[in-house]
Amino acid sequence: MDATLAFLPGDGVGPEVSAQALRVLRAVERRGGHTFDVREALIGGVAIDACGSPLPEDTLALCRAADAVFLGAVGGPRWDHAALTVRPEQGLLRLRSALGVFANLRPVRVHPRLAHVSPLRPELLHGVDLLVVRELTGGIYFGEKRRDRDADGAERASDTCTYTTHEVERVVRVAAALARERSGRLTSVDKANVMETSRLWRAVTTRVVRDEFPDVRLEHMLVDACALHLIRRPAAFDVIVTENLFGDVLSDEAAVLAASIGMLPSASLRGAGSGARAFGLYEPVHGSAPDLVGRNAANPAGAILSIAMLLRWSLGLPGEARAVERAVDAALTAGVRTEDIAEPGAHAATTEELGRAVAEHLMSADEDVPSLIGEDSP
């Protein structure tokens with residue numbers, strides 16, 4: 001197939017992991033006879049430095065014209081000064097809003113050879129294979145923000161959290177459709193005991209699932225309880241749907257299950273389910289990791305697995321997506337692991353070494369090589 005992809009390496013370790021994601025994408029291209037027109041552009045801090053905006057209009061135009069978008073990371077300490085009014089993260093929020101990618105899919109699976117790397121007991125990780133569906137373009141991140149002083153001169157700040165029926169309906173439909181394709185279990189997470197937006201969220205979710213997905217078993221859970229049970233009994237979850245802020249926090253917490261946040265991919269879509277192709281923005285869950293910049297030590301697995309999600313959801317290439325996932329499995333099983341997931345005392349692979357190993361396994365693998373995940377889970 002032919003496809004045009006916008007590639008935004010971004011800040012920090014973004015260019016380093018993006019280079020390995022592109023290496024694997026080129027291997028997919030060679031193996032499958034595809035043609036991917038990859039066009040690079042600026043976003044985040046490097047875009048501020050180059051042209052004063054965290055999301056230049058040329059970048060946004062490229063993303064809108066592409067079949068899918070890949071992003072490395074944004075942000076870093078040089079742009080974190082409190083006095084700055086233009087920040088890298090503003091570019092990412094604007095991009096998500098402008099592209100209309102309202103459903104953020106964050107899968108969390110435990111590779112059988114990495115269970116002991118997690119701080120949790122291996123027996124708690126047995127059977128963990130969950131999906132967080134986070135509403136991405138509403139809530140407190142996009143609400144009105146104010147900072148001023150009261151009559152006594154004390155500083156005061158506020159962030160407004162707002163949700164509409166439509167915003168809740170559409171992301172719940174995505175999550176319920178995905179739950180239907182998996183085990184038929186959906187957990188909706190809110191804070192309905194104290195927040196009005198959560199009470200709306202719970203009421204709308206109940207109605208949508210009852211009326212449109214009667215075969216899906218819905219459970220409501222408060223966010224603090226969910227945070228606890230993600231650690232105490234993570235295998236009890238299948239699909240979790242929640243609002244923007246809660247989804248951000250919970251999915252980062254879930255990274256401990258997979259041994260490292262560097263292992264987690266994500267897809268931000270306009271819609272999903274029932275095999276339909278959807279426009280998407282794909283990025284590893286981790287941030288710019290300034291402490292790793294230039295060390296060739298960042299874990300590129302999350303970026304590479306984000307490419308697998310891109311192949312599956314936006315390009316309609318599920319076979320190629322599975323092949324990438326199996327190649328990541330094979331490289332990790334062979335012991336090629338960056339320092340965040342390496343065996344104690346073992347050689348820690350570089351970012352480039354893990355990327356190269358995945359590409360080599362991809363090029364040499366047979367079509368019928370089974371995935372390790374799910375067949376030998378801890």
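Residue by residue through segment 340-355, note down the ones that are among the hydrophobic types (A, V, I, L, M, F, W, C) and assigned to a helix (DSSP H, G or I). Give the steps one after another, and end with the answer.
Just the residues of segment 340-355 that are among the hydrophobic types (A, V, I, L, M, F, W, C), to begin with: 341-342, 346, 348-349, 354.
Hit for segment 340-355 is Leu354, nothing else.
Results for (1) more than 26 Å from Val174 (Cβ to Cβ); (2) modelled with pLDDT under 95; (3) surrounded by 22 or more Cβ atoms within 10 Å (Cβ to Cβ), shown as yes or no for each residue.
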{"residue": "Asp252", "(1), (2), (3)": "no, yes, no"}
{"residue": "Arg270", "(1), (2), (3)": "no, yes, no"}
{"residue": "Ala276", "(1), (2), (3)": "no, yes, no"}
{"residue": "Asn299", "(1), (2), (3)": "yes, no, yes"}
{"residue": "Glu339", "(1), (2), (3)": "yes, no, no"}
{"residue": "Gly345", "(1), (2), (3)": "yes, yes, no"}
{"residue": "Glu353", "(1), (2), (3)": "yes, no, no"}
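Comparison of Asp2, Asp49, Asp58 shows that the only residue that is in contact with a His (Cβ under 8 Å, 6 or more places away or on another chain), among the charged types (D, E, K, R) and without any contact (Cβ under 8 Å) to a residue 40 or more places away in the chain is Asp2. Scanning segment 175-227 for residues that are touching a residue at least 60 places away in the same chain (Cβ under 8 Å) and either outside the structural domain of Gly139 (by TED's automatic domain parsing) or surrounded by fewer than 16 Cβ atoms within 10 Å (Cβ to Cβ) (or both) yields one hit, Glu181.
Any idea which of Val336, Val324 is in a helix (DSSP H, G or I) and in the same structural domain as Gly45 (by TED's automatic domain parsing)?
Working: Val336 fails: in a helix (DSSP H, G or I).
Going through Val336, Val324 in turn, the sole match is Val324.
For segment 1-100, which fully contained helices (runs of 4 or more DSSP H) count at least 1 residues that are in the same structural domain as Gly294 (by TED's automatic domain parsing), crowded, with 21+ Cβ neighbours inside 10 Å and of a type in the set (Val, Ile, Thr)? If you could, list the steps in order and put the result at the bottom.
Details: elements: 14-32, 45-51, 57-65, 88-99.
Where helices (runs of 4 or more DSSP H) fall fully within segment 1-100 and carry at least 1 residues being in the same structural domain as Gly294 (by TED's automatic domain parsing), crowded, with 21+ Cβ neighbours inside 10 Å and of a type in the set (Val, Ile, Thr), they are 14-32, 45-51, 57-65.
Flag: Val358 does not match the condition of being modelled with pLDDT of 95 or more, touching a helix residue (DSSP H, G or I) at 6+ places or on another chain (Cβ under 9 Å), in a loop (DSSP other than H, G, I, E, B) and buried (at least 18 other Cβ atoms within 10 Å of the Cβ). The set of residues from segment 101-151 being in a helix (DSSP H, G or I) and of a type in the set (Lys, Arg) comprises just one member, Arg113.
The values are calculated or read from the model by the stated rules, or taken from the named source; none is laboratory data. Fair warning: this is a prediction, and the values are worked out from it, not measured in the lab. Cβ atoms come from the backbone with ideal geometry, glycine included; neighbour counts cover every protein chain shown.
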